[in-house]
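Student: Got a structure for you, questions after.
A short reminder: the numbers here are calculations on the coordinates, not readings from a lab. Worth saying up front: this structure is predicted, and the values here are computed from it rather than measured. Here the Cβ positions follow ideal geometry from the backbone for every residue, glycine too, while neighbour counts run over all protein chains shown.
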């Protein structure tokens with residue numbers, strides 16, 4: 001534990017114990033392997049008819065922190081095309097995240113409502129506060145959001161769906 005000395009005008013100096021910062025990569029791997037979200041720091045809220053639901057910070061995140069995994073079924077490109085034909089036209093592809101892994105096209109299909117938070121993070125082209133990164137866990141790719149900047153309590157968690165740096 002780090003100790004932080006604080007001295008305020010008219011008060012004695014006090015020491016606060018600050019827990020060490022968790023390594024963001026290790027934090028992501030821990031949440032990926034346990035298939036858990038940060039329910040103590042994130043919450044789902046309804047926004048409106050257009051956006052639907054979104055994910056909001058119940059606590060703060062520092063720039064670089066792991067925020068949430070985009071969890072779903074990891075499928076092939078062919079399977080994603082097959083599934084899109086089966087889904088209702090209004091949501092076909094809506095929860096699909098296509099990316100490259102070792103030269104192959106892969107897809108995370110998060111269409112199934114499973115209670116995970118990552119599938120509900122909304123798009124923000126101009127000022128996203130998170131960035132998607134591939135995290136290798138035991139040889140398998142996992143898509144995780146990391147904070148691009150400090151995120152305060154009450155902020156909506158967003159990322160740019162179509163950015164050039166997407167995995």
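Student: Tell me, 61, 146, 95 in order of fewest to most beta-carbon neighbours within 10 Å? The partial results should precede the final answer.
Tutor: Numbers: 61 26, 146 21, 95 18.
Taking fewest neighbouring Cβ atoms as first place, the list is 95, 146, 61.
Student: Follow-up question, since we're still on this one. Output the peptides 72-82, 22-32 sorted from most to least packed, where packing is the average of other Cβ atoms within 10 Å over each peptide's residues.
Tutor: Result, highest mean first: 22-32, 72-82.
Student: Please order 144, 107 by the number of other Cβ within 10 Å, starting at the fewest.
Tutor: Ordered from fewest to most neighbouring Cβ atoms within 10 Å, 144, 107 come out as 107, 144.
Student: Here's another thing I want to ask about it. How are the Cα pair distances of segment 27-167 distributed, in percent, across 5 Å bins from 0?
Tutor: Answer for segment 27-167: a P(r) of 2, 10, 19, 24, 22, 15, 6, 2, 0 percent.
Student: Follow-up question, since we're still on this one. Between residue 149 and residue 101, with labels modelled 7 Å along Cα→Cβ, what's the label distance in nm to one decimal, could you check?
Tutor: 3.2 nm
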